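For reference, the structure is listed below as structure tokens.
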4 protein chains.
Amino acid sequence: MTLKVGVIGTGMIGQDHIRRLTHVVSGAQVVAVADAEQAVAEKVAANLPGARVHTTGAEVVADPDVDAVIVCSWGPTHEEYVVASVDAGKPVFCEKPLATTTDACLRIIEAEGRAGRRLVQVGFMRRYDADYRALKQVVDSGAVGAPLIFHSGHRNPSVPAHYTKDMAIVDTAVHDFDVSRWLLGEELAAIRVIAAKPNSQGVDLQDPLLMIIETTSGVLVNVETSVNIRYGYDIRGEVVGESGTAALAERGPVVLRSAGSVGVAVPQDWRERFIAAYDVELQEWIDEVSAGADPTGPSSWDGYAAQVVCDAGLAALYGGERVEIRLVDKPALYT
Amino acid sequence: MTLKVGVIGTGMIGQDHIRRLTHVVSGAQVVAVADAEQAVAEKVAANLPGARVHTTGAEVVADPDVDAVIVCSWGPTHEEYVVASVDAGKPVFCEKPLATTTDACLRIIEAEGRAGRRLVQVGFMRRYDADYRALKQVVDSGAVGAPLIFHSGHRNPSVPAHYTKDMAIVDTAVHDFDVSRWLLGEELAAIRVIAAKPNSQGVDLQDPLLMIIETTSGVLVNVETSVNIRYGYDIRGEVVGESGTAALAERGPVVLRSAGSVGVAVPQDWRERFIAAYDVELQEWIDEVSAGADPTGPSSWDGYAAQVVCDAGLAALYGGERVEIRLVDKPALYT
Amino acid sequence: MTLKVGVIGTGMIGQDHIRRLTHVVSGAQVVAVADAEQAVAEKVAANLPGARVHTTGAEVVADPDVDAVIVCSWGPTHEEYVVASVDAGKPVFCEKPLATTTDACLRIIEAEGRAGRRLVQVGFMRRYDADYRALKQVVDSGAVGAPLIFHSGHRNPSVPAHYTKDMAIVDTAVHDFDVSRWLLGEELAAIRVIAAKPNSQGVDLQDPLLMIIETTSGVLVNVETSVNIRYGYDIRGEVVGESGTAALAERGPVVLRSAGSVGVAVPQDWRERFIAAYDVELQEWIDEVSAGADPTGPSSWDGYAAQVVCDAGLAALYGGERVEIRLVDKPALYT
Amino acid sequence: MTLKVGVIGTGMIGQDHIRRLTHVVSGAQVVAVADAEQAVAEKVAANLPGARVHTTGAEVVADPDVDAVIVCSWGPTHEEYVVASVDAGKPVFCEKPLATTTDACLRIIEAEGRAGRRLVQVGFMRRYDADYRALKQVVDSGAVGAPLIFHSGHRNPSVPAHYTKDMAIVDTAVHDFDVSRWLLGEELAAIRVIAAKPNSQGVDLQDPLLMIIETTSGVLVNVETSVNIRYGYDIRGEVVGESGTAALAERGPVVLRSAGSVGVAVPQDWRERFIAAYDVELQEWIDEVSAGADPTGPSSWDGYAAQVVCDAGLAALYGGERVEIRLVDKPALYT
């Protein structure tokens, strides 16, 4: 069965997902698109035989030929399209963030509550990365004992001019927050954010940052964000357990011996690092949704929890020494 | 455009390719199958909506609904189905070996000569492995200077009971032969095969073996086959150039610190090691063939050349000190 | 010229230094010993041709045949012997801690002030470890840009029964404190200590700990102590700079491929890890002191500063969120 | 007890050993020197309080104050000084080669036979390298099963102008020969030498070379010599056993992440790589000889055997396809 997908938002990420649905993964077809810039949507659709162009995202959701929706539009519009999809009983994959406020996230959760089932998946693609999955498997196997500390390093060679101080939390560290929750299987309870001497390439950014996050059971998550570190896009992670540690390995496929050193390449950007994770993420979503099952990937709850941690992180960044992370009670749907 | 594929041979490998065409890669559909065991073909087809079961491979080739053919049947039958496909003007992907004798390989080459175009691709999947491709890219970049030696290690934890002495050459080292030709971009010219003290787990196999192969320009290929080495399925490769070396890196995604050591896992079998290469191999073949282009993967010539090296390798194993590898003149189609 | 050394304290560490002076390093001879347990001193001296046994450390210092003194006695006695050596104008190597209170450290500093020269060296042996020295060399070379964060991991497989909660700071992390000061070339200014969920093997120890230390210029030192981690004695260190990072490498000399994994051994205890550093430490001290030069190794100031950081660390462990580290003005002798 | 040593030959290597005896290792004193260039010997002695300068090596050996002799003179003179030392009953450490012909080596063996004890040690310092020792320990532990193949890589960044084709065997690979015999605990029985396409930086050298050597039990030693490989001085070694492999690890102490790659430094020359091995080699020799024991390091037999392998290697290089290595019967003294 081919899953007929409607894509709302045909900018860079939307186009990449359309390419993936059309040329990479199996079992899906893009049948409808819409974009705030109608011309862009039409240009994209021109290469998609049989795809309709709608003038609004709401029309994409309502299109009876659309089985499932992918939302790649501007963050502030996510809530509307996701809730509409849920209310229409259509599975919806929403790129991160789920919504731009915790209240909006809670309204999506309420919509799913009304529907009585999970219909939403949020695009936290790291959970689909082969290396993170192998890390989780090793940790879950008990090979290092119960986790006590998780060191998570998030390094970018540089950031664009529009990158603001807050984005180190809400755009960068949010991935570390989500992956920590998933890897450790519990919620985050408090956060400290401490700025190091600033990197001269981004002085007003408060970069790098160290964050110490406590989970509900007391595991410490130790996040380093360094977003101007030039040498590469390098995602590090080490779980320190009671009897050992498990860490993400180097990824370079070739050991080069040259000019006095021996080493491997570091990825140059997030695309190179996580491209395969996006493929797996969409393939698994298509497989589950096509089979009529609820998605098992990152849920609305995960999107909400990440948002709350970001808010606490910003409060800590702006002066709280240790800021507690307070979540509403978790609906049974997500347990 | 969906490529309509007929699969001849629905045993283990055939079924795996069918799974791949149906659930993993994009742009193909299995429309016809056949197998020496008709019941097996029927069972496989039962899960493929709209797929026909033919009683012979020839019928699969002749089926007007079949755009392209995949041959996964028993080696001795390859020649017949491949030649039939070529004569029918249909692209054909043939699992290795291309054929079981050099004469049979040459007859396939003649068929392509008659067709005046490349229609055949042979299943040397290592060329599609991400790590080997990265290795070739580094070597081709000149980062280590002109290649002078290629160390290739082929290690299996164990081999099945039916594995014979010859298979170390024709089943195992044949991959090293093909990958050497591809990596270095030239033909192999002579081979020595020297047996080490035998592994006690396979005494009558003459295992491990060292092979020293000379290319036409004088590069040395140094192959180690160790097919009873227990610890894992480990494919090693290092190109020694004029100014440095480039080698396949370790693949384990998780660095585990436990019980006095720090390390990564080694793959346990060829499937784990090369599963992704098979996916890429088929996806690229589908993409090229669907677009009406001739395939650019391993050709009939590559299948033939590998066969000639295997014959020379066997002669060297059975007593020749240094056996020359003599190829016919290479038809222009393959240059 | 052979340096004639008197050793005060002939317990485990004292005996090890005597073995080193006698059989490993060049240019020194042990001529006098003393120990609180006279019988132990006599037993040790029996293997040292020509060595005298004194009844007190003071007599060792006063012995006219003694050129230089090594203090390996119980911590609370350090001040007395070190000050006596300084007052006698004799170079003195004192095992850590320099003294057990900051006041005592300051009295030693005052003694050196009276002497008008540096005569004291403290046994912070990590500064003599080949790997740490290579790390400092790389950092100082500018290869990673200005340091912004230093991750320091201190992992012990287990600790003895008498190990108390405080010792994670004053016995374990003190090495990280000293090495941070040395590596970064500046003082530490504030410290946070955060306990993780406790390791089940040492629940009342508050183990592991994370510490975040700020240097005067704002570099963050991120210390992890895990003293019950079973898998090995593992000292980690990574300096994150503006454009790259430099880290201590794995030390295992043999890559073992066995039973599904590939890896190297981790040291099993501090002795295995730092034995060579002790040799270099003493050899360099002997060379400098024999040549009539003041020692250039860790000074009284370094011993004092480490003590102050320990005190702040304990205050933070016992409830201060962020505790400032306040040093007296640094005498010119140490700049 | 201080061992009184006479050094014959005060060129580069002799001076380095004198420095080592005087400033690095424990328990020895240089009391006499001689050199073909008397002026050099006198200059060297000027820094050695109490050392006598003799006009000939024979006088050094005969000097009653000399307990033991170190021979660092020109290769062709080794036999004379070593035999004289043996006949005088004095332990003698001889830099490699033991002698320049197998006949000369045999005459030294005969001298030891007359003496009825081992007095000679040959300077194969690799046996004292910490990494090689760890490798041997792992192999001897059975961790990889019985050894079947030993891959030995010997890479130099460049060679001096006077380096000839033969030196790849007698100066370079001779170390691989010795270390193979020591590591595997058996003699080498036959050798093939195969030249690769020449490195453009040393075309007339036949560089690189591959050698396949068979031991008496059938283990294969696979030597690669690449003496113009620019990138560094890189000594590789991997023992392939029945159930795993053990290899020399990378040595760089610092992992540098910079400019798109992560890696460690490779040594730049043999001095950097083996400096510590020389220290250990001499210290152990001094300890054994001072204690009145016969040396347990590389013996005259080892020096002889290496010479025979070199001769066979040259014969193979100059055209023998497979050249047998034939040793005289091994005297009981060396078993």
- Item | Every residue from region A:98-131 that is touching a strand residue (DSSP E or B) at 6+ places or on another chain (Cβ under 7 Å) and within 14 Å of chain B (Cβ to nearest Cβ) | A:ASP131
- Query: Can you tell me which residues in region B:305-329 are under 18 Å from B:ALA104 (Cβ atoms), among the charged types (D, E, K, R) and assigned to a loop (DSSP other than H, G, I, E, B)?
  - Reply: B:ARG326
- Query: Can we say D:GLU250 is within 14 Å of chain A (Cβ to nearest Cβ), free of Cβ contacts under 8 Å to residues at least 24 places away in the same chain and among the acidic types (Asp, Glu)?
  - Reply: yes
- Selection count, region D:107-127, where residues are over 11 Å from D:LEU333 (Cα atoms) and small (Gly, Ala, Ser): 2
- Message: If I go through region B:113-137 residue by residue, how many of them are surrounded by fewer than 23 Cβ atoms within 10 Å (Cβ to Cβ) and over 17 Å from the mean Cα position of the chain (by Cα)?
- Response: 8
- Task: For residues that are touching a residue at least 12 places away in the same chain (Cβ under 8 Å) and either in a helix (DSSP H, G or I) or over 17 Å from A:VAL255 (Cβ atoms) (or both), tally how many sit in region B:117-147.
- Result: 20
- Of the residues A:THR22, A:THR56, which single one is more than 14 Å from chain B (Cβ to nearest Cβ) and more than 19 Å from A:VAL120 (Cβ to Cβ)? A:THR56
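Hey, any hits in region C:314-334 for a residue that's surrounded by 20 or more Cβ atoms within 10 Å (Cβ to Cβ) and within 14 Å of another protein chain (Cβ to nearest Cβ)?
Taking region C:314-334 first, the residues surrounded by 20 or more Cβ atoms within 10 Å (Cβ to Cβ) are C:316-317, C:323, C:325.
Remaining after also requiring within 14 Å of another protein chain (Cβ to nearest Cβ): C:316, C:323.
Yes, region C:314-334 contains at least one residue that is surrounded by 20 or more Cβ atoms within 10 Å (Cβ to Cβ) and within 14 Å of another protein chain (Cβ to nearest Cβ).
Which residues, counting only those in region C:266-288, are part of a loop (DSSP other than H, G, I, E, B), more than 7 Å from every other protein chain (Cβ to nearest Cβ) and under 28 Å from A:GLY153 (Cβ atoms)? Can you show your working first?
The initial filter retains those residues of region C:266-288 that are part of a loop (DSSP other than H, G, I, E, B), namely C:266-269.
Restricting the remaining residues to those that are more than 7 Å from every other protein chain (Cβ to nearest Cβ) gives C:267, C:269.
Once the filter is applied, which keeps residues that are part of a loop (DSSP other than H, G, I, E, B), more than 7 Å from every other protein chain (Cβ to nearest Cβ) and under 28 Å from A:GLY153 (Cβ atoms), region C:266-288 yields only C:PRO267.
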- Query: Identify, please: which residue in region B:194-227 is at the interface with chain D (Cβ under 7 Å from one of its Cβ atoms) and not in a loop (DSSP other than H, G, I, E, B) and is, among those, nearest to D:VAL144 (Cα to Cα)?
  - Reply: B:SER226
- Item | Selection status of D:ASP302, of a type in the set (D, E, K, R), more than 30 Å from B:LEU205 (Cβ to Cβ), within 20 Å of the chain's Cα centre (by Cα) and surrounded by fewer than 18 Cβ atoms within 10 Å (Cβ to Cβ) | no
- Message: Show me the helices (runs of 4 or more DSSP H) found entirely inside region D:1-95 where at least 2 residues are of a type outside the set (D, E, K, R) and surrounded by fewer than 15 Cβ atoms within 10 Å (Cβ to Cβ).
- Response: D:38-45
- Item | Qualifying residue in region D:235-242 (condition: at pLDDT 95 or above and in a loop (DSSP other than H, G, I, E, B)) | yes
- Working only within region B:235-247, note down all residues that are more than 8 Å from chain A (Cβ to nearest Cβ), in contact with a helix residue (DSSP H, G or I) (Cβ under 8 Å, 6 or more places away or on another chain) and under 21 Å from D:ILE235 (Cβ atoms). B:GLY237, B:VAL239, B:GLY241
- Select, from B:VAL69, B:VAL44, the only residue that is in contact with a Pro (Cβ under 9 Å, 6 or more places away or on another chain) and closer than 30 Å to A:ASP279 by Cα. B:VAL69
- Query: Does C:ALA189 satisfy the criteria of being part of a helix (DSSP H, G or I) and within 21 Å of the chain's Cα centre (by Cα)?
  - Reply: no
- Counted residues, region C:96-116 - those being within 27 Å of C:ALA173 (Cα to Cα), in a helix (DSSP H, G or I) and among the basic types (Lys, Arg): 1
- Go through (1) crowded, with 23+ Cβ neighbours inside 10 Å; (2) more than 11 Å from chain D (Cβ to nearest Cβ) one by one and return the number of the condition B:TYR163 breaks. (1)
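Given the options B:GLY263, B:GLY232, name the one that is touching a residue at least 24 places away in the same chain (Cβ under 8 Å), within 30 Å of A:ASP140 (Cα to Cα), surrounded by 22 or more Cβ atoms within 10 Å (Cβ to Cβ) and within 14 Å of chain C (Cβ to nearest Cβ).
On the way: B:GLY263 fails: touching a residue at least 24 places away in the same chain (Cβ under 8 Å).
None of the other options fit; the residue is B:GLY232.
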- Query: Restricting the first residue to region C:316-335 and requiring it to be closer than 21 Å to A:VAL193 by Cα and touching a residue at least 24 places away in the same chain (Cβ under 8 Å), which pairs with a second residue that is among the acidic types (Asp, Glu) and surrounded by 12 or more Cβ atoms within 10 Å (Cβ to Cβ) meet a Cβ separation below 8 Å and a spacing of at least six or different chains?
  - Reply: C:LEU317/C:ASP166; C:ILE325/C:GLU187
- Item | Subset of region A:176-193 that is touching a Phe, Trp or Tyr at 6+ places or on another chain (Cβ under 7 Å) and under 16 Å from A:ALA312 (Cβ atoms) - its residue that is farthest from the other protein chains (Cβ to nearest Cβ) | A:ASP178
- Task: Go through (1) in a loop (DSSP other than H, G, I, E, B); (2) buried (at least 21 other Cβ atoms within 10 Å of the Cβ); (3) away from chain C (no Cβ under 14 Å) one by one and return the number of the condition B:THR296 breaks.
- Result: (2)
- Taking the condition under 27 Å from B:GLY263 (Cα atoms), at pLDDT 95 or above and charged (D, E, K, R), does D:GLU284 pass? no
- Subset of region D:223-264 (residues that are farther than 30 Å from A:ASP269 by Cα and basic (Lys, Arg)): D:ARG230, D:ARG236
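Kindly indicate whether C:VAL24 is in contact (Cβ under 8 Å) with a residue 24 or more places away in the chain, of a type outside the set (Ser, Thr, Tyr) and more than 26 Å from C:GLU112 (Cβ to Cβ). Step through it out loud before you land on a result.
Details: in contact (Cβ under 8 Å) with a residue 24 or more places away in the chain: yes; of a type outside the set (Ser, Thr, Tyr): yes; more than 26 Å from C:GLU112 (Cβ to Cβ): yes.
Judged against the criteria, C:VAL24 is a match.
Of all residues in region A:302-332, which are small (Gly, Ala, Ser) and closer than 26 Å to A:PHE93 by Cβ? Walk me through how you get there before you give the answer.
Start the filter on region A:302-332 by keeping residues that are small (Gly, Ala, Ser), which leaves A:303, A:305-306, A:312-313, A:315-316, A:319-320, A:332.
Scanning region A:302-332 gives A:GLY303, A:ALA305, A:ALA306, A:GLY313, A:ALA332.
Among the residues of region B:178-185, is there at least one that is farther than 18 Å from B:ALA246 by Cα, of a type in the set (A, V, I, L, M, F, W, C) and surrounded by 17 or more Cβ atoms within 10 Å (Cβ to Cβ)? Before you say what the answer is, go through the steps one by one.
So in region B:178-185, the residues farther than 18 Å from B:ALA246 by Cα come out as B:178.
Filter again for of a type in the set (A, V, I, L, M, F, W, C), leaving none.
So far as region B:178-185 goes, no, none of its residues is farther than 18 Å from B:ALA246 by Cα, of a type in the set (A, V, I, L, M, F, W, C) and surrounded by 17 or more Cβ atoms within 10 Å (Cβ to Cβ).
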- Query: Residues in region C:1-19 that are farther than 17 Å from D:GLN283 by Cβ and within 12 Å of chain D (Cβ to nearest Cβ): how many?
  - Reply: 2
- In region C:139-160, which residues are more than 13 Å from chain A (Cβ to nearest Cβ) and surrounded by 22 or more Cβ atoms within 10 Å (Cβ to Cβ)? C:VAL139
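The values are calculated or read from the model by the stated rules, or taken from the named source; none is laboratory data. Fair warning: this is a prediction, and the values are worked out from it, not measured in the lab. Cβ atoms come from the backbone with ideal geometry, glycine included; neighbour counts cover every protein chain shown.
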